[in-house]
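The values are calculated or read from the model by the stated rules, or taken from the named source; none is laboratory data. What you are looking at is a predicted structure, and each value in this text was computed from that prediction instead of being measured. Backbone-built Cβ (ideal geometry, glycine too); neighbour counts: all protein chains shown.
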Amino acid sequence: MFNRRQFIGTIPVSAVALSAIGINQQARSQEAQNESAESSALLASPPVVQNPRVDGFGVSVAVRSLATAWVEYGFAEGDLPFTAIASHHGLVSADDRVLHVRVEHPEPLPCDKPIYYRVVVQSLGYASAYSLQRGKPQATTTYALKLPDPASDRIRLVSINDTHENLETIQALHGEIEKLKPDLLIWNGDSCNDFDAADSPEQILLNPAQDAIESWASTRPLVFSNGNHDVRGQRAREVIKSFAGCPESAELPYSQALRLGPLALITLDTGEDKPDEHPVFAGTAAYEPYRERQATWLKRVLDRPEIKNAPLKIVACHIPLRGLDGQNDGTTLEGYASYCGFGAKLWLPILRQAGVQAILSGHMHSDRLDAATDDMPILQFVGGGPKPEQATLTVIDAEQDGSQQSLDIRIVDLHGKVLHQHRWS
């Protein structure tokens, strides 16, 4: 059998050394040039903070070549004494497109003052298993992150949806989000048209404005709710690398329950807009059992004390759970869903029993407010579409004053005009 190591070993060392002198000098010079260029251009997105918890948060960043990453953080701008390293089962994570670092602090993180952090990336090359090359570490600017306070008297959330890579809309949304200054941002599905082989999911998800300086989730956390377009295409399975999902469950990455002041936020994944058996999926869809697992999870999470005792509760999911008369519920092979009939059957009875006030959704590219009825007391706010004239933001303000609570939800356009609004008090 041909043995590559034995073959290399038969070449005289002197011959290798003499012939390699000029090559090595050229290689070292080129390596230095490459390292400099690589280090200056390694970061390919602003950091995106995700999935806040009392003692932690996640950060994702896109890179242009194979690299590792860590987060340096602290509670004063010039002092970042803590380090969180991206690793799995003892091996430091490395990727040539996107890296996610989970910060797990040994005690609850402060909510009354910023957490200062920066992401550091370092290029990685392999000549062999025992010969690794590292570039110069490159860091983002230091950001001041404010985490939402579970015990706060007031909280503001903003939900956006159906951006579909429309750059003009995304840039306008950035500006409106900064004006509204939410404590948490919800991206309620359909970030893209699809993730085909030529697409870069990490750029669409982490750098949607195509501007490394402009970020809507570097100083506030983001929660992502999967849309039907986000699961389409050859590279759709890479979304989880950028939006790492719920840290408690790899099985249900986009099902979360957060207590945010007087408000409980629950996210659900409605999946595709057609039955699993539809021929367009060619056997690649398994959303029906996935929704059933979410129903089991939903019953359990709504019984958690901090969620059960929240005076105000809302749900975010991409496809509406309530439909209009004559609309397709997506349970047959004809057409596609205007609302998620599978999810509605499984989840609405549970949500109604739990006293949920509102559902936030999108999908239809046309904003509306579905009022409460005797049969369905849960209101539904449906956000707009990807074109600037369709685009909306859903603003959620929850407050508590002693034993009194109030909830105000409104859908506004890109000029701040209120299109729909409801207030509970």
Single unsatisfied condition, residue 144 versus (1) in contact with a strand residue (DSSP E or B) (Cβ under 8 Å, 6 or more places away or on another chain); (2) surrounded by 21 or more Cβ atoms within 10 Å (Cβ to Cβ): (2)
Residue within the range 128-137 that is farther than 19 Å from residue 81 by Cβ, within 18 Å of the chain's Cα centre (by Cα) and of a type in the set (A, V, I, L, M) present: no
Residues satisfying the stated conditions in the range 402-423, i.e. under 13 Å from residue 262 (Cα atoms) and surrounded by 13 or more Cβ atoms within 10 Å (Cβ to Cβ): 405, 406, 407, 408
In the range 247-285, the residues that are assigned to a loop (DSSP other than H, G, I, E, B), under 14 Å from the mean Cα position of the chain (by Cα) and buried (at least 18 other Cβ atoms within 10 Å of the Cβ): 252, 253, 254, 255, 268, 269
Which listed residue, of 26, 6, 33, is in a helix (DSSP H, G or I), more than 20 Å from the chain's Cα centre (by Cα), of a type outside the set (Asp, Glu) and at pLDDT 50 or above: 26
Segments classed as strands (runs of 3 or more DSSP E), wholly inside the range 362-425, with at least 2 members that are touching a His at 6+ places or on another chain (Cβ under 8 Å) and closer than 18 Å to residue 351 by Cα: 379-382
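Can you find, within the range 187-196, the residue that is nearest to residue 364 (Cα to Cα) among those that are among the hydrophobic types (A, V, I, L, M, F, W, C) and part of a loop (DSSP other than H, G, I, E, B)? Spell out the reasoning first.
First, pick out the residues of the range 187-196 that are among the hydrophobic types (A, V, I, L, M, F, W, C): 187, 192, 195.
Subset that is part of a loop (DSSP other than H, G, I, E, B): 192, 195.
On the way: 192: 15, 195: 20 Å.
By that ranking, first place goes to 192.
Taking the range 330-355 as the region of interest, how many residues are touching a residue at least 12 places away in the same chain (Cβ under 8 Å) and in a loop (DSSP other than H, G, I, E, B)?
Quick first cut of the range 330-355, residues touching a residue at least 12 places away in the same chain (Cβ under 8 Å) only: 330-333, 336-344, 346-348, 350-352, 354-355.
Narrowing the set further to residues that are in a loop (DSSP other than H, G, I, E, B) leaves 330-333, 336-340, 354-355.
Result for the range 330-355: 11.
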Considering residues of the range 347-367 that are in contact with a Leu (Cβ under 8 Å, 6 or more places away or on another chain) and of a type outside the set (S, T, N, Q) only, the residue farthest from residue 318 (Cα to Cα): 354
Cβ pairs under 9 Å, 6+ apart, first in the range 298-310 and touching a residue at least 24 places away in the same chain (Cβ under 8 Å) and not assigned by TED's automatic domain parsing to the domain that holds residue 264, second surrounded by 13 or more Cβ atoms within 10 Å (Cβ to Cβ) and of a type in the set (Gly, Ala, Ser): none
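For the range 363-401, name all the residues that are among the hydroxyl-bearing types (Ser, Thr, Tyr) and either surrounded by fewer than 21 Cβ atoms within 10 Å (Cβ to Cβ) or modelled with pLDDT under 95 (or both).
Hits for the range 363-401 are 366, 373.
Yes/no matrix, rows are residues, columns are (1) of a type in the set (Phe, Trp, Tyr); (2) out of contact with any strand residue (DSSP E or B) (no Cβ under 6 Å at 6 or more places or on another chain); (3) surrounded by fewer than 19 Cβ atoms within 10 Å (Cβ to Cβ); (4) not in a strand (DSSP E or B):
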residue	(1), (2), (3), (4)
198	no, yes, yes, yes
202	no, no, no, yes
205	no, yes, no, yes
210	no, yes, yes, yes
215	no, yes, no, yes
218	no, no, no, yes
226	no, yes, no, yes
237	no, yes, yes, yes
Selection count, the range 124-141, where residues are crowded, with 20+ Cβ neighbours inside 10 Å and either in contact with a Ser or Thr (Cβ under 6 Å, 6 or more places away or on another chain) or among the basic types (Lys, Arg) (or both): 1
Selection from the range 158-175 of residues that are farther than 27 Å from residue 263 by Cβ and surrounded by fewer than 19 Cβ atoms within 10 Å (Cβ to Cβ): 165, 167, 168, 171
Scan of the range 294-329 for residues that are part of a helix (DSSP H, G or I), exposed (fewer than 13 other Cβ atoms within 10 Å of the Cβ) and either at positive phi or touching a Phe, Trp or Tyr at 6+ places or on another chain (Cβ under 8 Å) (or both), ordered by number: none
